[in-house]
1. Based solely on its DSSP helices, what 222 nm [θ] is calculated for the chain when runs of n ≥ 4 H residues each add -39,500 (n - 2.57) and the sum is averaged over all residues, nearest 500 deg cm²/dmol?
2. Mean-square fluctuation check for the chain, GNM, Cα pairs under 10 Å: which of 57, 267, 197 is largest?
3. For the ranges 306-313, 40-47, what's the packing order if you count other beta-carbon atoms within 10 Å of each residue, average per peptide, and put the highest first?
4. Using per-residue counts of other Cβ atoms within 10 Å, averaged over each peptide, order 315-321, 93-99 from highest down.
5. What is the set of long-range amide H partners of residue 207 at a cut-off below 5 Å, with H atoms built 1.01 Å from backbone N?
6. Kindly identify the range 31-127 as rounded, prolate or oblate by the Cα gyration tensor criterion: order the square roots of the eigenvalues as a ≥ b ≥ c, call it rounded if a/c is under 1.5, otherwise compare a/b with b/c, prolate if a/b is larger, else oblate.
7. Please compute the modelled spin-label separation between residue 40 and residue 11, points set 7 Å along Cα→Cβ, answer in nm with one decimal.
8. Using the beta-carbon distance between residue 58 and residue 295 and R0 = 25 Å, what value does 1/(1 + (r/R0)^6) give for FRET efficiency, to the nearest 0.05?
Amino acid sequence: MVSDSKLKAQDSSRALTKALDFLRLNQDASGWFPYKVAGQPSMEATAWSALALRQNLDVAKGTAQFLATNQNKDGGWSTEPAAGRSDWNSGPSMLCLRLLAAEHEEIAQNKDVKRALKLGLARLLDSRVEFYQPIARLLLLISQGPKALAYGRGWPWDPDCYHWVEPTAYNLLALKFPGLPKDELYVRIVGFANQFLLEHACKDGGWNHGNNITLEQYLPPYRLTTAEALLALQDQSENPAVQSALKYLKSLSNQDTSSLSLAVSALALMAYQQPAHEEIKYLINRQKPDGSFATSIVATALAALALQADKDSSMHVLNLTK
């Protein structure tokens, strides 16, 4: 008689196979993936889909070349090719390119990819939010010393925006995986971004989209933003804010929310060696006959990543501890 655990593993494996088949069918010959079936190229969908299919060298090469070729002159990426200024899509794109290069030596040695990685890292350094203009920073330095400039700050959705939890989490992931660049400048910038997230944790654990308090009112945390921030803060696992957020995320395990939030929650829990059985169960039940999990291909790609991690912890591409 087959055990319940073996049946669950078989269900998870079948769901993963169907999801990966669906993603493969939706990759364009030029290497990109659409946000929705038959849609236009999406940098976000391309990044997450290629990571789910990263072991397939042909898929990985096509995506790496596409990302390298469609990088903006400033080193970032916009929502789709030639869509204007670089924005938050730079984080997922860089994360994908760095991890594909780490997975395949052929990609790592590609001159276009090397150039794109160098420019992309520089872009992540230059696109952070600064609260003060240069003169104001100089006055702060003179009047209060270096500590006055050590305020937490992250990344915006686009260049004219305030910094938010999600783009900050994406850019932190892009810097931390597959390993933080050794230059001291990256260490300091990651420290400021970590600080921003930790200082903006909600009162009861977890994260809202940006502020944790507005007009003297405490704001509630959300499942997706909490999971994204937790993935980005694995190197701060002992911090009370992280532990409180993990407790909050675990409290939602019996809630069947969206495919996207379930997938990212499962990835976050497994990154902290916590069980995600309920999240995976809900996720599998949401899979459609064609292998997708939602109208968004992004959701299917992240669901595939969660199913990979559930099947084999060594396949958890966003786990810093492995």
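Coordinate-derived values only; no laboratory data. Computed from a predicted structure; not experimentally measured. Heads up, the Cβs are rebuilt from the backbone with ideal geometry, glycines too, and the neighbour counts pull from every protein chain shown.
1. The helix contribution divided over the chain gives -17500 deg cm²/dmol.
2. Maximum fluctuation in the GNM of the chain, among the listed residues, is at 57.
3. Packing order, densest peptide first, comes out as 40-47, 306-313.
4. Going by the mean number of other Cβ atoms within 10 Å, highest first, we get 93-99, 315-321.
5. Correct list: 202, 222, 226.
6. In terms of gyration-tensor shape, oblate.
7. It is 4.0 nm.
8. Taking R0 as 25 Å, the efficiency between residue 58 and residue 295 is 0.40.
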